[in-house]
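Structure first, commentary second.
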Amino acid sequence: MSKNPPSSRRQFLGRVGSATAATIAAGTIGFEPLMGALGTGTAKAQDGEKGQDPEGSISPRATQAYNLRVAAALAERDLPEPVQTPNSDETLYANKIGSYSKGLPHNNLGEVEVSAYNAMVNAMNTGVPADFEAIPLGAGSPALQRKLVNPQSGLAFDMEGTDSHHLAIPPAPAFNSAWQAGEIGENYWMAVLRDVPFANYATDPLVAQACTDLSNFSDFRGPKIGGQVTPGTLFRGLTPGDLVGPYISQFLYKNVPFGATGFSNRMYTLLPGVDYLTNYNDWLEIQRGSNNVGQPLFDQVPRYVRNGRDLAQWVHVDVLFQAYFQAMLILLQPPNPSDPISGGGIGATFDAGNPYLSLLTQDAFGTFGGPHVATMLCEPSTRALKGIWYQKWGVHRRLRPEAMAGRIHNHLTGAASYPIHADILNSTVLSRLKRIHRSFLLPMVFPEGSPMHPSYGAGHATVAGACTTFLKAFFDESFVISNPVVPDASGANLVPYSGPPLTVGNELNKLAANVAIGRNHAGVHYRTDYTESIKLGEAITISMLRDQKSCYNEPFTGFSLTKFDGTTIVI
C-alpha cells in the first residue's frame, strides 16, 4: 500500500516560512498574519475600523469568528488520515498497459513511452509547476495536441470541508481481474444498446442477450435480481431508488422553472448509429492526444432523454452542477398547472430538521431558505473536483475504457499478448462488434473519445454525489413527486407516468446515477468510476455541512439524510 506521495502541502508550508508554518501547525496563528505571510496584500485593520475599538482591541464577534475557524480547522486536521491505495497495475506492468497515458507519446500498439509516463508521475509527486510543463506530449504538432486536463487541481487547498488529500477511494479493479472484465463488458454492451430506448428494455431481444451475457461474467457487480442481470436492473445505479420507476430521473424530464422564465428539458441529441474510434488508426491517433477529430452529427428535432446516446450527449455538454441546480429549482417551485413553465415545480417540503418549520414569527431566507439552498448547492462542486482530481492524477491513474478496449483488440488480433481475463475474451459482445465494425475497439459517442485525464474516479460522479447529498440534507426525501412524466416513443413529448410512487430521495439518487452512468454509456468511464466517486462526493458534502452546522444562530439540531449505502445519518 502506498501512502500519500510528496506534494505541494509541504512546499506550501515551506513558502510560508518555517516559523509561520510551525504556528499554523500548532493552531496558534491568526488568519490576518497568515494572509500577510502569503503575500496577499492584506493589511492590518486601522483603528476605528469595524471589528476593533479605537484602542485596537479585538471585538467579541471577531474573536468568536476566529475561534470558530480554528476549531473547524483542528477538527479536520485531527480526522484519521486515510491510506491512499492504488491497485498494483502501475508497478506490475513495466510497459504501463494498465495505467492512464492518453496524450503522451505511444508506440504503434498504443503503449506509452515509459519515460514520458515517468515524467507525468514525477510532476504529481513533486508538485513543482515547471515539472508539469516538462511532461512530453504525443500528437507531434502543438496545433493538433490536446492538453492534459488540470493535473495540479488535486494539489490545491480549500478553506472549508475536508482537505482533498484527506479523502480516499478503494483501489480500482486490477487490469487482469474478472472484475475489470465485467466492467469493460458492460461498456461494450452499453455501446451496442445505446440507440435502444430505455422504455423498450423489457421487450428488446438484444437487451435480453446483454442480460444473459453479463449474468455469465464471474464478477460483474451491477445490480441483479436473484443473481441475474435483468432488463429492470441493466445499466442502473447502486441504490434501491435506482430500480424504482423509469430509468431516467424526473429531474431530467420535468419543465424547469427559473424565476420569471423557465425551460423544458428537451435537448438536441445526436443521430443514431454514428460511433467513433472503431478504426485502429483513428484510435491510435486519439491515444497520442490528437485533437484532429470530426464533428458530431446532430438530430434537428429536440427530444427528451430516451436512450444511452441521448444521455451520453447530455453529460457531454452539461454545466458541472446543472442537473442538481435544475432539481433544486423544481423542488423549490410550488406546482402551478396554469403556468406551462412553473408547472414543472413540485414544491417539496424542507427536511424536518429545518428550524423554520417550527418558528412562528420568522421565515427562512439567507439561512435555511431558498436563497441559501440555491447558492450553497454550487459550493461542493469545486471541492468535489479537487478531491477526485487528486485521486485521478495522484493515486490511481486508471486507464480509460477506450484504452482497455485497445488492449483487448491487440490481444485478440495477435498484435500483442496481454493478461486479460477470459470472461471478456469469451463474451458474445465482442463477436457482435467485430461483425459490425471489423474491430474489437469500443465504439465511442464522442469523436475525441475520453477526456484528457485518468478514469478513476469520475468528476461527473463525484459532483453528482456531492450535490445530491446536499439536496437530500435540505429536502424531505420521502416527499412524493407530483404528476410524474415520461417521454413518448419519439422522445419529442412527455406523457403521464403510471407506476410506483416516485420520491424525492429516490429520484435524486437516480439523478446522480443517470449523470454518472451517462458517461459510461458514452464509453468514457467504468461502473466503479461511478460507484466509488459518488461516495467520495457524499463525504465531501458531509464534511462541509459538519463545518457549517455551528455557524447558525437558529435553534438547529442538525442535517439528516440517507446515504447512498442506505444508512441514515444526522450531521
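Observations on the model:
- Taking a Cβ cut-off of under 13 Å around ASN279, the surrounding Lys, Arg, Asp and Glu residues balance to a net charge of -3, with basic ones at +1 and acidic ones at -1.
- Euclidean distance of C-alpha centroids, region 90-167 and region 480-514, integer Å: 40
- Karplus-derived 3J(HN,Hα) values for region 117-129, using 6.51 cos²θ - 1.76 cosθ + 1.60 with θ = phi - 60°, are 4, 5, 5, 5, 5, 4, 4, 5, 6, 7, x, 7, x Hz; glycine and proline are entered as x.
- Taking Cα centre as origin and charging only the Cβ of basic (Lys, Arg, +1) and acidic (Asp, Glu, -1) residues, the dipole magnitude of the chain rounds to 980 debye.
- Estimated FRET transfer efficiency (MET159, HIS316; beta-carbon r; R0 30 Å; 0.05): 0.40
- Order by protection proxy (mean Cβ within 10 Å, highest first), peptides 109-117, 443-451: 443-451, 109-117
- Annotation: peptides 490-496, 249-255, ranked by per-residue average of other Cβ atoms within 10 Å with the highest first, follow the order 249-255, 490-496.
- Length released on extending from PHE298 to ASP219, taking residue separation times 0.36 nm less the Cα-Cα span: 24.7 nm
- Per residue value of the accessible surface for region 143-238 (all protein chains in place, 1.4 Å probe), Å²: 38
- Solvent-accessible surface of region 468-571, averaged per residue with a 1.4 angstrom probe and all protein chains in place: 32 square angstrom.
- R0 of 60 Å, Cβ-Cβ distance VAL570-LEU271: FRET efficiency to nearest 0.05: 0.75
- Efficiency of FRET from Cβ geometry, THR63 and ARG432, R₀ 41 Å, rounded to 0.05: 0.05
- Centroid-to-centroid, using Cα positions, region 177-236 and region 519-537 are 16 Å apart.
- Sulfur and carbon atoms: percent of accessible area, the chain [1.4 Å]: 57
- For MET267, residues with placed amide H under 5 Å, excluding near neighbours: ARG303, TYR304
- Added length on full extension, which subtracts the Cα-Cα distance from 0.36 nm per residue, ALA202 to THR413: 72.5 nm
- Relative contact order computed over the chain (Cα-Cα under 8 Å; 6+ residues apart), in percent: 20
- Protection proxy ranking of 57-64, 198-205, 272-279 - average other beta-carbon atoms within 10 Å, highest first: 272-279, 198-205, 57-64
- Note on GLN362 and SER264: the extension gain reaches 31.9 nm, defined as 0.36 nm multiplied by sequence separation minus the Cα-Cα distance.
The values are calculated or read from the model by the stated rules, or taken from the named source; none is laboratory data. Just so we're clear, the structure is a prediction, and the values are computed from it rather than from any experiment. For neighbour counting, all protein chains shown are included, and Cβ atoms are generated from backbone atoms with ideal geometry for every residue, glycine included. SASA here: full protein model, heavy atoms, side chains in, ligands and nucleic acids out. Shrake-Rupley method; radii C 1.70, N 1.55, O 1.52, S 1.80 Å.
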